[in-house]
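Working notes for the structure below.
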Amino acid sequence: MPRRARDLRWARWLLPLFAAAALGVALGVGVAAAIHMPRVEMLAEYRPDLITQLRDGDGQVFATYARERRVMLREGDLPAVLQNAVVAAEDAEFFRHGGIDAPGVVRSVLVNFRRGRREQGASTVTMQLARMLFLTREKTWKRKIEEAFLAVELEKTLSKQQILTLYCNLAFLGHGNYGMEAASRYFFGHGVRELDLPEAATLAGILQRPSDYSPYRRPDRVIARRDYVLRRMREEGYIDQSAYEAARAAPLEVVERHRADAEPALYFAEEIRQQLERRFGAERLYGDGLQVATTLDARIQRAAERALRDGLLRLDHRKGWRGPLARGASLELEGESLEREVGRNPVPDSWTPGLVLATSGDTARVRLADGEVEIGPDSIAWTGRRRPGEILRAGDLAWFRPDEAERDGAIRWILEQEPELEGAAIVLESASGAVRALVGGWDFHRNKFDRATQAKRQVGSAFKVFVFGAALEQGFTPADTLFDGPAVFLGAEGLPTYAPRNYYRKFHGILTLRRALERSVNVTAVKLMDLVGAGNVVDFARRCGVESELLPYPSLALGAADLLPLELAAGYAAIANQGVYVRPYFVEEVRGRDGTLLEAHQVEARKAMSPAVAYVLTSMLEGVVDRGTAASIAALPLTLAGKTGTTNEYTDAWFVGFSPRYTILAWVGYDLKRTIGRGMTGAEAALPIFAGIVESGLAEGWLSGTEPFSVPAGVETRPIEYWSGLAAAPGAQSVLREAFLSGSGPDRQWEPRWERILALPWPQQLAFYTPKPGEKMPDEEAAWAILNREQEEQAAALEPPAAPREAPE
């Protein structure tokens, strides 16, 4: 054969081979250029987002924060029933392929070709995991090729068990849940280790389309999908026919989701969330799975929330019925449509919306979310009306709550309305500074503003404790007397323009400091600060933890300063803690996802006053409870001390008190300052909330015993005659064992004539009183001119109480 012919024959064979090789190289270069393959080795550094959890003192989670709610499973934690359900539903060949299911790919291509659209996929569990880790959900051939390559690499790098566990940790299952463990806890109330067959099949079924398979929104679809997974498990030999039939017959049982159950201590949690974000940043807060041990005591928190809610409702009822939520609603509303119509439920654990269907005589027929009831006069008694028809008519929407006291075995439903008033409650452990409970308002979902930590309000007479504490340090005693009468002081402008008035618009004449504090006498408090020096009072308050601005004017003695409720509570806690101020705190420690300690609480404490001064001041505050403005709680079987606070025009009402262990604060007021109502003092509006918390503590056992406050060194007690402050003598009727700093008790003895002197009108007592050096004595003409002018201005500003609103005829 000629050489040229041989060369041509070889060329015919070699040229296609060279062309194919060149094409392959070009194609490989092109694919490599188009596809940017992540390095699978980077999985060692992969850190999926985890849930940050807040735990109370018992270790129970009460709040979580995350972009993706996830709890990680370790290799080996995946139970067989869940593993089999996932494999049967998502990738039956998982344990037999190397990342790509070639027969499945061919089958998918044929099905999609025949039907003219992309209807069936061929993604294996490994390919889905590759997409979760490295890719997007974009449906393109490029992504599919990348997915396949990555799946093969994952199979080379990880074991089958590792792949399946990681897949079950990253998969989205709806309602903010990522991973099987988080979803299992959310839907069933327990982890994957406790899953039964129907529950495991339900979770595996949700994987395909979480938005469509919600047990809460589409239970019928979820059951159908669960049954499909069970059928696949039977076909793959994971379960037998009897197990299949039993699981199919099981009802879909998921945890009921109520806002009140799922979201306790919302103001408390929000305060911690803000602190964590400041310290660690948003990325770590929402993605690093921080484990936060907090100071919260769930029992005390429940007591505080309940007491504040009941207290605000009681006050709101006194202001009368404001009218229904809406009028003219469709009488066809029922069930979920009725709940949607009224919107946010302010007390979801007990209140329910109601639609008035008809009124007749002494009754009204009301449709609640779960049935119809009849209400009578006792259901509306608090409104001041006798018949429901006077304030309600058909088509009205309103709130109703079940009465705790059932009659004849039937639930009585009470008409309710959401209070416009706001409030706050705090429980501090005095010795440690741990905040055991905090409620920042009526409802976090109505207003997230935390009045306990963010609202600066005038504290009224609750500030007097700092005035009397400073006086004790300057040598005054509880038995010392000042003269309570009209007096004029230098005002803010440096002129004699400030004339304080007492609450009951009368003067007492000769008055001991104990009685002045117990009865919250204003003139004596201002006079005492004038004698002690405003600078000393400010300094005492600062040592007790008050950081807000304190202007050294006479009105400061009566609480004209705006303070945060938390700093006021901490100041009282310093007195309860034998003179040691401890800064309040919410977080015990913060740990990372791997348990590494990131932060532990460091106590911030300092001496605010001597233990002896703290004890004498505490003894005076015990008198407030025993005989003074807080005497309504004197019968409680607990050693208590505290002080009421009321501001001008009744805009703020306070009570701050403490037992040997806890300091408790209650505040009531409107967000935009206006009068709460006539007579709404701290004793009337705030003290019942304090009492409610204490009563719960006594019933539940976290408050107990009547042991007295510990008496430190440097204190002596001596019997005195209560009204005069003089040393007790035979014949004295009102004898009190008074606390004094050692060596400071009175030497002068009581005489019977003092009983007659103190019974005289205050002007006649002047002849028997020796003023203290620098004491402002009565100046009737100037004082009464100022007082009369102020009285006219304040009377014009006070609102009358709201009248009940009647239904139009």
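The values are calculated or read from the model by the stated rules, or taken from the named source; none is laboratory data. Because the structure is predicted, anything quoted here is derived from the model rather than measured. A quick note on method: Cβ atoms are made from the backbone with ideal geometry, for glycine too, and the neighbour counts reach across all protein chains shown. Ligands, DNA and RNA are stripped out before the accessible areas are found, and what is left, the full protein with its side chains, is counted by its heavy atoms. Shrake-Rupley method; radii C 1.70, N 1.55, O 1.52, S 1.80 Å.
In the set (1) part of a loop (DSSP other than H, G, I, E, B); (2) farther than 24 Å from Ala691 by Cβ, the condition left unmet by Trp442 is number (2).
Output the residues belonging to the stretch 202-238 that are among the hydroxyl-bearing types (Ser, Thr, Tyr) and part of a helix (DSSP H, G or I). The answer is Thr202, Tyr228. Reported count of residues in the stretch 540-552, each being in contact (Cβ under 8 Å) with a residue 60 or more places away in the chain and surrounded by fewer than 15 Cβ atoms within 10 Å (Cβ to Cβ), is 1. Scanning the stretch 117-156 for residues that are modelled with pLDDT under 75, open to solvent by 50 Å² or more (accessible area, probe 1.4 Å) and charged (D, E, K, R) returns Arg117, Arg118, Glu119, Arg137, Glu138, Lys139, Lys142. Checked against the criterion of being open to solvent by less than 10 Å² (accessible area, probe 1.4 Å) and within 28 Å of Gln301 (Cα to Cα), the candidates Gly657, Gly701 yield just one match: Gly657.
Among the residues of the stretch 167-201, write down those that are in a helix (DSSP H, G or I), among the aliphatic types (A, V, I, L, M), closer than 28 Å to Ser242 by Cβ and open to solvent by 10 Å² or more (accessible area, probe 1.4 Å).
Result: Leu197, single match.
Annotation note: of Glu390, Glu416, the sole residue that is modelled with pLDDT of 95 or more, over 27 Å from Leu703 (Cβ atoms) and surrounded by 16 or more Cβ atoms within 10 Å (Cβ to Cβ) is Glu416.
Can you find a residue in the stretch 160-174 that is within 27 Å of the chain's Cα centre (by Cα) and in contact (Cβ under 8 Å) with a residue 40 or more places away in the chain? Yes, the stretch 160-174 contains a residue that is within 27 Å of the chain's Cα centre (by Cα) and in contact (Cβ under 8 Å) with a residue 40 or more places away in the chain.
Can you name the residue in the stretch 213-239 that is within 33 Å of the chain's Cα centre (by Cα) and free of Cβ contacts under 8 Å to residues at least 12 places away in the same chain and is also farthest from Val87 (Cα to Cα) among such residues? Steps first, please.
Taking the stretch 213-239 and keeping what is within 33 Å of the chain's Cα centre (by Cα), we get 213-219.
Then drop every residue that is not free of Cβ contacts under 8 Å to residues at least 12 places away in the same chain, which leaves 217-218.
Values: Arg217: 26, Arg218: 24 Å.
Out of the qualifying residues, it is Arg217.
Among the residues in the stretch 259-268, are any basic (Lys, Arg), part of a helix (DSSP H, G or I) and open to solvent by less than 40 Å² (accessible area, probe 1.4 Å)? No - not one qualifying residue is present in the stretch 259-268.
Taken over the stretch 593-627, the criterion of being in a loop (DSSP other than H, G, I, E, B), open to solvent by 10 Å² or more (accessible area, probe 1.4 Å) and farther than 24 Å from Leu736 by Cα is satisfied by Arg593, Asp594, Gly595, Thr596, His601, Gln602, Val603, Glu604. If the condition is being farther than 23 Å from Pro500 by Cβ and among the β-branched types (Val, Ile, Thr), then the stretch 648-701 contributes Thr663, Ile664, Val668, Ile689, Ile693, Val694. Pairs linking a residue in the stretch 617-630 that is among the basic types (Lys, Arg) to a residue that is part of a loop (DSSP other than H, G, I, E, B), with Cβ atoms under 9 Å and 6 or more positions apart or on different chains, are Arg627/Arg519; Arg627/Ala634; Arg627/Tyr722. Name the strands (runs of 3 or more DSSP E) wholly within the stretch 448-524 that hold at least 3 residues that are surrounded by fewer than 24 Cβ atoms within 10 Å (Cβ to Cβ) and at pLDDT below 95? Those strands (runs of 3 or more DSSP E) span 496-498. Restricted to the stretch 741-767, and to residues there that are within 53 Å of the chain's Cα centre (by Cα) and among the small types (Gly, Ala, Ser), the residue that is farthest from Ala471 (Cα to Cα) is Ala759. For the stretch 323-339, check the following and say yes or no: at least one residue is touching a Lys or Arg at 6+ places or on another chain (Cβ under 9 Å) and either under 30 Å from His601 (Cα atoms) or assigned to a helix (DSSP H, G or I) (or both). The answer is yes; a qualifying residue exists. Please determine whether any residue of the stretch 220-231 is in contact with a Leu (Cβ under 7 Å, 6 or more places away or on another chain), at pLDDT 90 or above and either open to solvent by 20 Å² or more (accessible area, probe 1.4 Å) or farther than 18 Å from Asp101 by Cα (or both). Within the stretch 220-231, one or more residues are in contact with a Leu (Cβ under 7 Å, 6 or more places away or on another chain), at pLDDT 90 or above and either open to solvent by 20 Å² or more (accessible area, probe 1.4 Å) or farther than 18 Å from Asp101 by Cα (or both). Candidates in the stretch 450-465 are the residues that are among the hydrophobic types (A, V, I, L, M, F, W, C) and over 11 Å from the mean Cα position of the chain (by Cα); of these, the one that is farthest from Ala424 (Cα to Cα) is Val465.
Each row is one residue, and each column tells you yes or no for (1) among the small types (Gly, Ala, Ser); (2) in contact (Cβ under 8 Å) with a residue 60 or more places away in the chain; (3) closer than 25 Å to Leu421 by Cβ; (4) touching a helix residue (DSSP H, G or I) at 6+ places or on another chain (Cβ under 9 Å).
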{"position": "Ile575", "(1), (2), (3), (4)": "no, yes, no, yes"}
{"position": "Arg583", "(1), (2), (3), (4)": "no, yes, no, yes"}
{"position": "His601", "(1), (2), (3), (4)": "no, no, no, no"}
{"position": "Leu636", "(1), (2), (3), (4)": "no, yes, yes, yes"}
{"position": "Arg661", "(1), (2), (3), (4)": "no, yes, no, yes"}
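Of all residue pairs spaced 6 or more apart or on separate chains, those with beta-carbon atoms under 8 Å, a first member in the stretch 332-350 that is surrounded by fewer than 15 Cβ atoms within 10 Å (Cβ to Cβ) and a second member that is part of a helix (DSSP H, G or I) are Asp349/Ala260; Asp349/Asp261. Of all residue pairs spaced 6 or more apart or on separate chains, those with beta-carbon atoms under 8 Å, a first member in the stretch 305-328 that is open to solvent by 20 Å² or more (accessible area, probe 1.4 Å) and a second member that is basic (Lys, Arg) are Arg322/Arg805; Arg327/Arg393.
The residues of the stretch 585-615 that are more than 30 Å from Val71 (Cα to Cα) and not small (Gly, Ala, Ser), listed by number, are Val603, Glu604, Arg606, Lys607, Met609, Pro611, Val613, Tyr615.
Considering only residues that are outside any helix (DSSP H, G or I), polar (S, T, N, Q), at pLDDT 95 or above and touching a Leu at 6+ places or on another chain (Cβ under 9 Å), which ones fall in the stretch 676-721? Selection gives Thr681 alone.
Of the numbered criteria (1) outside any helix (DSSP H, G or I); (2) crowded, with 22+ Cβ neighbours inside 10 Å; (3) among the aliphatic types (A, V, I, L, M), the one Ala293 fails is (2). Here is the figure for the stretch 730-748: residues that are loosely packed, with under 15 Cβ neighbours inside 10 Å and without any contact (Cβ under 8 Å) to a residue 24 or more places away in the chain total 8.
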